Amino acid sequence: MKASLAAVTAFAATVMGHGFVNNFTTDGKFNQGFLLDYYYQKVNTGSFPAIAAWYAENLDSGFVAPDAYQTADINCHKNSAPGALTATVKAGGSLTFSWGPDAWPHPYGPILGYVAACNGDCTKVVKTNLQWVKIQAEGIDYASQVWASQKLVSQGGKWTLTVPASLKAGNYVFRHEIIALHGANSPNGAQNYPQCFNVAVTGSGTKTLPAGTAGTALYKSNDPGILLNPYTTITNYVIPGPALWTG
Ligand SMILES: *[C@@H]1O[C@H](CO)[C@@H](O)[C@H](O)[C@H]1NC(C)=O
């Protein structure tokens, strides 16, 4: 039984070509990401390591497609659930995400960052109650035609999100997302890779988040930044999702 599950895992490793956040740092401190092996550990033993990254069943290292934007999966990936721990970062500090297990392969697409208040313990939040506020939105540099995704590739799969310096201390879920657009010229061709992390923000910030957006209201399959031809000179890219809040 164990051997066959290992074989399944090995097979999954050979077909994956996309990715997930393997690990992340909070103000330079290492935190484990949710590894796909943890799913099989959970199936085999009933448990897996306690981490601040969210559990999810993106077992093919895959994505949430536009036809699932109005389902709970868009929040923090497929069948996601809160991590058992909470990492810590200072307001104004940074989270750096490392994508793996292989090099990120998709050079077309924006990278977005969101935060939602837990109003209590993030390890117990109900994902459909989370109200997302966008705090990072990087699309394409018009002069060089370099997408945020390409930047991530040239940064060795690492991406940094800065916590708004004025954000009030408290427990938050941070949502980091790549939207891969290499297939976006066909309906349902964009690929969302959302990843969530429980993070307690410390410091003396004074600002609470503005009203946020439920996951199921973030995107529509025909948004101009979701359904578009990426294989042309881009001069006006409309970043998907709600307005950016900078604190
Ligand atoms: C963190 O993730 C990166 C990207 O997959 C990987 O290369 C690195 O070995 C990981 N570090 C640790 C300590 O797991």
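Here the label points at PHE30 and THR128, each 7 Å from Cα along the C-beta direction, are separated by 3.9 nm in the simple model. Looking at the chain alone, DSSP beta bridges between its own residues are antiparallel in about 85 percent of cases. Here the mean projected area of the convex hull built on the C-alpha positions of the chain is 12.8 nm².
Evaluated over the Cα positions of segment 46-102, the convex hull gives a direction-averaged projected area, one quarter of its surface, of 5.7 nm². Backbone phi angles across segment 19-34, fed through the Karplus curve with coefficients 6.51, -1.76 and 1.60 (θ = phi - 60°), yield HN-Hα couplings of x, 7, 7, 6, 6, 8, 10, 10, 6, x, 8, 5, 9, 5, x, 7 Hz in residue order; Gly and Pro are listed as x. Here the gap between LEU59 and THR246, fully extended at 0.36 nm per residue and compared with their Cα-Cα distance, gives a gain of 63.9 nm.
Shown are LYS127, LYS151, LYS90, whose ranking by accessible area with a 1.4 Å probe and every protein chain present, most to least, is LYS90, LYS151, LYS127. The amide H of THR88, built 1.01 Å from its N in the peptide plane, has ALA200 as neighbours under 5 Å, considering only residues 5 or more places off or on other chains. Note on segment 5-217: lysine pairs with Cα distance below 14 Å, sequence gap of 8 or more or different chains, count 5.
The values are calculated or read from the model by the stated rules, or taken from the named source; none is laboratory data. Please read these numbers as outputs of a predicted model, since none were measured by experiment. Glycine gets a Cβ as well: all are built from the backbone with ideal geometry, and neighbour counts include every protein chain shown. The accessibility values were calculated without ligands, DNA or RNA, using every heavy atom of the protein model including side chains. Shrake-Rupley method; radii C 1.70, N 1.55, O 1.52, S 1.80 Å.
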